[in-house]
Amino acid sequence: MRVHLVNPSHLAFGVAVITPRWLYVLASATPTSYGDPVITDETLEPLDINAISAGDVVGIGIHSGNALRGYELGRMVKARGAHVVFGGIHATLFPEEPHELGGATTVVKGDGDMMWGRVIEACANGTPERVYEGGRVDGERLSKARWDLLPKDRYMWASVQTVRGCPKHCSFCSVWRTDGQKPRVRQTDAIIEEIVELRRLGFRFIALADDNFYPVAMNDLKMADRRTDKSGYERLKAIRDERFELMARMEKLPRDMVFFTQITMEAAEDTEFLDAMRRANIKGALVGIESVTPEGLKDVYKDFNLHGDALADRLKVFRQHGVHVLGSFIFGLPSDTPATFDATAALAQKADITFAQFVMLTPFPGTVDFEKWEREMATDQTRIEGIPLTRHWLIPQAVRPKVYSPHPLMAANEIRDRTQGVWDEFYSLPKVWQRSKCVKSLKSRLAFVLVSKLYRQMYANTGIATDSARVSRAEKWARMLAAPTRRLFSAPPMPELQVPN
Ligand code: SF4
């Protein structure tokens, strides 16, 4: 009996940007008595179904974006007589769906770190339960990853998690509901050991794959300090101190290392934190800007963000403190107008952000937006290939709509075309070349251009276009660009590297 772990994807690029961490975490949680699991990341290559034998245990992790491919794999795997175990955010939210559509033997809800071994044993003994509750594992008990199983030369960035959960409550995001609002911080020693292991293997670029690397904003601390009961303040202060301790340890890592993470815009008010990030070589962060208008921010329950000129100034603070911003914007909010697209493109330019992504509002399961939309759609009779829109993740990719929520002013196609237009403008060659000034040598500037173009092909053209020829062209382009781009990220291994004190 062998154990397999599969990350489903309907698109494969041969090379991927970031390692899907969960595969290697569950590999580490696999009892050694079953040998090393066989890992398949379909963003690299599709699963070889002939490698699955009767009696094997196959773990498939799904989010709403890849659930349909996950179910297809599940049925194929089941037909070969294997046990099919589903996990991941989508399976946590809809634990019955993998049974109905994916041939599931069992489903694990929540974190798999502590539960995976028990599930394998149960499958091996022929006594699997229908659903397991993995819960939320404490920060100290979150598993490290088995990086020794990573295939060579396939990923640009490795991924290490330092904290799980986010105290915010944005309406389009399910993280705070699935991972919880209480930050679960991993121990600094465990994080540093993992980073050192990755640098030994030749990974210089590491994504700190956290829900929110800045889980305690200054404002949260101030509010907690005003209360008579100081226990909340002490708890938040301890989390903040641990962040600084981690960053101080990261300063002692090889200086050629580059980290990237995800934080909220409030971090710009905390320049002590930004300076510590810079010293720790955390050179970039995804910042959820979402909207450039106050109405848009209200739409997504993110009124702690700024808008207009104040927003541009706030974003510049990141650059002034050595942290590059990948700004994330959402289009299709109820308050958006055609003018919002131009205003967003102008703001992205003015605010000096290095990379940007422009996504279209999608009601993802587990979010406040989804619940509201599902209620509004209760009487909607639209079906695509027999699937109601409120189960959009089950609609085949080729005919899946890109915009769902009816908009008071704009048709779905208009939102999609205007979104594509903003991507085109932001990633036009002259604009990318202009932004590439943020790095010094000609070689680095060319690398910057290559990475920008790859990012746009992988995420914009394959995600927004409805025309299959454009998607397939983008996939080919991304495949061509991916291999040379990956080489730019690799570094000579440092097998002798020691864990800094
Ligand atoms: S979008 Fe970001 S800040 Fe908002 S809840 Fe999700 S993880 Fe937290």
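The values are calculated or read from the model by the stated rules, or taken from the named source; none is laboratory data. Note that the structure is a prediction, hence the values are computed from the model and not measured. A quick note on method: Cβ atoms are made from the backbone with ideal geometry, for glycine too, and the neighbour counts reach across all protein chains shown. We work out accessible area using only protein heavy atoms, side chains counted, and drop any ligands, DNA or RNA first. Shrake-Rupley method; radii C 1.70, N 1.55, O 1.52, S 1.80 Å.
Computed quantities for the displayed model
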quantity: Karplus 3J(HN,Hα) series, Hz, for region 388-401 with 6.51 cos²θ - 1.76 cosθ + 1.60 (x for Gly, Pro); calculated: x, 4, 5, 10, 4, 5, 9, 7, x, 3, 4, 10, 6, x
quantity: Rounded percent of accessible protein surface that carbon and sulfur make up, the chain, 1.4 Å probe; calculated: 53 percent
quantity: Around Pro95: net Lys/Arg minus Asp/Glu count, Cβ-Cβ under 14 Å; calculated: -3
quantity: Label zone at Asp189 (point 7 Å along Cα-to-Cβ), backbone N below 15 Å, region 126-168; calculated: 140-142, 144
quantity: Other-chain or far-sequence residues with amide H under 5 Å of Gln161's (modelled H); calculated: Ala209
quantity: Relative contact order (%) - the chain, alpha-carbon pairs under 8 angstrom, separation at least six; calculated: 13 percent
quantity: Sparsely packed chymotrypsin sites (Phe, Trp or Tyr not before Pro) within region 276-363, loop by DSSP, other Cβ within 10 Å at most 14; calculated: Phe304
quantity: Distance between region 158-190 and region 266-285 - C-alpha centres, whole angstrom; calculated: 18 Å
quantity: Cβ charges +1 (Lys, Arg) and -1 (Asp, Glu), total dipole of the chain, debye; calculated: 1340 debye
quantity: Percent of beta bridges antiparallel (DSSP, the chain, rounded to nearest 5); calculated: 10 percent
quantity: Efficiency of FRET from Cβ geometry, Thr228 and Leu497, R₀ 56 Å, rounded to 0.05; calculated: 0.70
quantity: Radius 10 Å from Cβ of Met257, net charge of other residues (Lys, Arg +1; Asp, Glu -1); calculated: +3
quantity: Debye equation applied to the C-alpha atoms of the chain, log10 I(q)/I(0) at 0.07 Å⁻¹; calculated: -0.37
quantity: In region 148-180, the trypsin sites (Lys or Arg not before Pro) that fall in loop regions by DSSP, at most 16 other Cβ within 10 Å; calculated: Lys152
quantity: Efficiency of FRET between Ala12 and Arg80 - r from beta-carbon atoms, R0 25 angstrom, step 0.05; calculated: 0.75
quantity: Full-extension gain in nm, Ala346 to Thr32, via 0.36 nm per residue minus C-alpha separation; calculated: 107.6 nm
quantity: Under 15 Å, Cβ to Cβ, from Glu121 - net charge with Lys/Arg +1 and Asp/Glu -1; calculated: 0
quantity: Disulfide-incompatible cysteines by the Cβ rule (no partner under 4.7 Å) in the chain; calculated: Cys123, Cys166, Cys438
quantity: Distance from region 329-383 to region 79-134 (C-alpha centre basis), Å; calculated: 33 Å
quantity: Residue-averaged 222 nm ellipticity for the chain, from DSSP H runs of 4+ at -39500 (n - 2.57), nearest 500; calculated: -12000 deg cm²/dmol
